[in-house]
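The values are calculated or read from the model by the stated rules, or taken from the named source; none is laboratory data. Computed from a predicted structure; not experimentally measured. Please note: Cβ atoms are built from the backbone with ideal geometry, for glycine as well, and neighbour counts cover all protein chains shown. These accessible areas exclude ligands, DNA and RNA; they are computed on the full protein's heavy atoms, side chains included. Shrake-Rupley method; radii C 1.70, N 1.55, O 1.52, S 1.80 Å.
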Amino acid sequence: MTDFDLAPDNLPNPPRAHIAADPKPFLQFKATKTLHTTSGPQLLDVRFELPKGGKLAIYGPSGAGKTTLLRILSGLTTATTGYIEVDGEVWLDTTRRIDLPTRHRSIGFVFQDFALFPHLTVRQQLEYARDKTTDGKIVAELLDLMELESLQHLRPALLSGGQQQRVALARAIARRPRLLLLDEPLSALDDEMRYKLQEYLLKIHLHYELTTLLVSHHLPEVLRLSDKVMVLEKGSVSREGSPSALFFAPSQNPSPAPFQTVGEITAIAFSEGNYIITVLCAGTLINVTLTAAQAAHLAIGKKVWVTSNDFHAVINPLV
Amino acid sequence: MIDWQPLWLSLRLALITTTILLLLAIPLGYWLAYSRHRWKIAAEAVISLPMVLPPTVLGFYLLLAFSPSQGFGRWLDHHFNIRLAFTFPGLVIASLFYSLPFTVNPIVAGFRMLPADLRNASRTLGKSDWTTLVRILLPNIRASLITGAVLSFAHTIGEFGVVMMIGGGIPGQTRVASVALYDEVQSMNNGMANRYALVLLAFSFIILLLVYGINQQTGKSKTML
């Protein structure tokens, strides 16, 4: 028997496959509720999970229950049945009759119409929102980050839509919530303003390590601001996955193009045998020249994905 | 020379009534505006009754209730030695009932006119209902609060039927300006009656001017007029 002849018995326990239970997801959500829509009652039945730092977009036609879902999560609407757990804390469990009031749920909610307090100045809105146990510096920090310092003593009525939006966002974050909930936050703004505010949102998301849920029916916004998309149709999730897997046809994906963006066709012109397609992308108009065959499936208003390789722009209709 | 005492009495009654009414009407208005309780409609109807009821009807029932010879009045008299019929405190209680809708209704309208998400936004910021009421809702219905206060003040000054039934016109105690005017007419003293009438007329006009001024400033009509 040599030193090398180690009987299996003498071996230390072989390392077992690591079957540790999945770490609990940061957010677990499941809920049902009957929605009263214009086309009659409809059941909302949704479940999903989200990791810490995730960016989930809830996309779908109006009346699908997107906003109701956010409201159930924030406790502003009650679910018929449901279970919500955030960071190990149970917010809702209808079987155990647990329903944490909204004010005890650590959320920042940006409402569609902003819901700013008319009688408070920008700074006062943030001071009001700030959790009094946290550092007061956050107000100054947010004013700086959102470029609101010069507006801090103004009331909402004197602010533009984009400025109000920034205040609403800053106010939602002032209490350092665990979840940031955005209900069609950019729908009231024009494209250029949308694009700018998406920048602010991304900045905020990273800076404060937020977990974000975004409700939107604006595709470019969804593609830019989320890392996971859930398509909600008639009260239930019809598709979910990463934005690129969900919205781009397999043949188009993935092509590592140096330039790619998403937009909407605003004009189609015919010139010297070619079609000139004008696409509005993030506030800028892009002209792309295509042959008749390439332009065959395009129409004004269609949402497209524009890529360019070696100075050749390609327009791909979104699925 | 005019006897100012009835006018001062009217002012004192209106001031006390309005102060108490504001304290009552804010929680009551909040409940009426936001509760989904099934009895809410009944409560609204009861509160608004004095707006359509002849004041003498209200006065009659209050007089019965206050009467020291029976029921509630006797219980008060027996246990607390309190008599409300033909006394100033009795007038205050009657005025509270009589002017309640004039304070409550503008406040309810004010709460209902605020966007629902204002209250929701405050909740999502971790604020209690009390903090939300005091810091967010009340400052935004200031015009309704002022309107409610001014209207109940003016309405109390102008009441006649109820104070006549409950107060009986005892000088210095329950003889308010409107009753004094009536007494002067009864004793054919038209000159004095005219003075009371003019003071009350001018006062009412100024009050209404004030209410409409407030409403114009806020750009919204929140009165119940």
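Residues in the stretch A:142-156 that are within 15 Å of A:H207 (Cβ to Cβ) and either open to solvent by 60 Å² or more (accessible area, probe 1.4 Å) or of a type in the set (D, E, K, R) (or both): A:D144, A:E147. Taking the criterion of being of a type outside the set (A, V, I, L, M) and touching a residue at least 12 places away in the same chain (Cβ under 8 Å), the residues of the stretch A:65-77 that qualify are A:G65, A:K66, A:T67, A:T68, A:S74, A:G75, A:T77. Pairs meeting the criteria (first residue in the stretch A:161-177 and within 12 Å of chain B (Cβ to nearest Cβ), second residue of a type in the set (D, E), beta carbons under 7 Å, at least 6 apart or on different chains) are A:R175/A:D131; A:R176/A:D131.
If you go through the stretch A:38-51 and keep only what is free of Cβ contacts under 8 Å to residues at least 40 places away in the same chain and either open to solvent by less than 40 Å² (accessible area, probe 1.4 Å) or on the phi > 0 side of the Ramachandran plot (or both), you end up with just A:G40.
Given the criterion open to solvent by less than 30 Å² (accessible area, probe 1.4 Å) and free of Cβ contacts under 8 Å to residues at least 12 places away in the same chain, identify the matching residue among B:S69, B:S35, B:S99.
Numbers: B:S69 fails: open to solvent by less than 30 Å² (accessible area, probe 1.4 Å); B:S99 fails: free of Cβ contacts under 8 Å to residues at least 12 places away in the same chain.
So the residue among B:S69, B:S35, B:S99 that is open to solvent by less than 30 Å² (accessible area, probe 1.4 Å) and free of Cβ contacts under 8 Å to residues at least 12 places away in the same chain is B:S35.
Among helices (runs of 4 or more DSSP H) entirely within the stretch B:1-89, having at least 2 residues that are more than 17 Å from the chain's Cα centre (by Cα) and small (G, A, S) singles out B:71-80.
Whenever a residue of the stretch A:52-64 is open to solvent by 40 Å² or more (accessible area, probe 1.4 Å), its partners that are part of a loop (DSSP other than H, G, I, E, B) and of a type in the set (S, T, N, Q), lying with C-beta atoms within less than 8 angstrom and at least six residues away or across chains, give the pairs A:K55/A:S226; A:G63/A:T38; A:G63/A:S39. Scanning the stretch A:119-141 for residues that are within 27 Å of the chain's Cα centre (by Cα), open to solvent by 40 Å² or more (accessible area, probe 1.4 Å) and within 10 Å of another protein chain (Cβ to nearest Cβ) turns up just one, A:D131.
If you take just the helices (runs of 4 or more DSSP H) that sit entirely in the stretch B:114-225, which of them hold at least 2 residues that are open to solvent by 40 Å² or more (accessible area, probe 1.4 Å) and within 30 Å of A:T133 (Cα to Cα)? Full working, then the answer.
Working: elements: B:116-124, B:142-158, B:161-167, B:177-186, B:190-218.
Output list reads B:116-124.
Which residue pairs have Cβ atoms closer than 7 Å, lie 6 or more positions apart in sequence or on different chains, and pair a first residue in the stretch B:117-137 that is more than 7 Å from every other protein chain (Cβ to nearest Cβ) with a second residue that is open to solvent by 10 Å² or more (accessible area, probe 1.4 Å) and hydrophobic (A, V, I, L, M, F, W, C)? Every condition considered, the pairs that remain are B:L137/B:L114. Just one of the listed residues (A:T78, A:T67) is within 14 Å of chain B (Cβ to nearest Cβ) and either assigned to a loop (DSSP other than H, G, I, E, B) or more than 22 Å from B:G126 (Cβ to Cβ) (or both), namely A:T78.
Of all residues in the stretch A:298-319, those satisfying the criterion of being modelled with pLDDT of 80 or more, open to solvent by 40 Å² or more (accessible area, probe 1.4 Å) and over 26 Å from the mean Cα position of the chain (by Cα) are A:A299, A:I300. Within the stretch A:198-227, the set of residues being touching a His at 6+ places or on another chain (Cβ under 6 Å) and in a helix (DSSP H, G or I) is empty.
Can you tell me how many residues in the stretch A:275-294 are part of a loop (DSSP other than H, G, I, E, B) and within 13 Å of A:E264 (Cβ to Cβ)?
Residues in the stretch A:275-294 being part of a loop (DSSP other than H, G, I, E, B) and within 13 Å of A:E264 (Cβ to Cβ): 2 in total.
The set of residues from the stretch A:83-109 being of a type in the set (V, I, T) and within 12 Å of chain B (Cβ to nearest Cβ) comprises A:T102, A:I107.
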